[in-house]
Amino acid sequence: MARPLRIEFDGALYHVTSRGNARAPIFIADTNRVLFLDILKNTCDRFNWLRHAYCLMDNHYHLVIETPDGNLSKGIL
């Protein structure tokens, strides 16, 4: 069964998270974390998102993102 569609609207706040398969590490070294943060910055700049908070763990991450333009699905691929 598919999950319900995400509701998107201007000014929404989202808790975005992702975990490695079978809880495997997704960040092997600090260079991986830096690259992830660079990509996140570029994505936020491109889609006009606001980053409120983030937490990068070895096998998952958490982001708090605000979308002034209601376009989360455009940057989360």
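The values are calculated or read from the model by the stated rules, or taken from the named source; none is laboratory data. Treat the numbers as computed from the prediction; the structure is a model and nothing was measured. Neighbour counts run over all protein chains shown; Cβ positions are idealised from the backbone, glycine included.
Before moving on, here are some points about what is shown:
- Qualifying residues in segment 13-52 (those that are part of a helix (DSSP H, G or I) and over 26 Å from ASP69 (Cβ atoms)) - the one modelled with the lowest pLDDT: ARG23
- For beta carbons closer than 9 Å, sequence separation of 6+ or different chains, a first residue in segment 1-12 that is assigned to a loop (DSSP other than H, G, I, E, B) and a second that is among the β-branched types (Val, Ile, Thr) and at pLDDT 95 or above, the qualifying pairs are GLU8/THR67; PHE9/THR67; ASP10/THR67; GLY11/THR67.
- Residues within segment 22-53 that are among the hydroxyl-bearing types (Ser, Thr, Tyr) and touching a helix residue (DSSP H, G or I) at 6+ places or on another chain (Cβ under 7 Å), tallied: 1
- Filtered by the rule that a residue be of a type in the set (Asp, Glu) and surrounded by 14 or more Cβ atoms within 10 Å (Cβ to Cβ), segment 1-38 gives a lone residue, GLU8.
- Count of segment 39-77 residues which are more than 22 Å from ARG23 (Cα to Cα), touching a residue at least 60 places away in the same chain (Cβ under 8 Å) and under 12 Å from the mean Cα position of the chain (by Cα): 2
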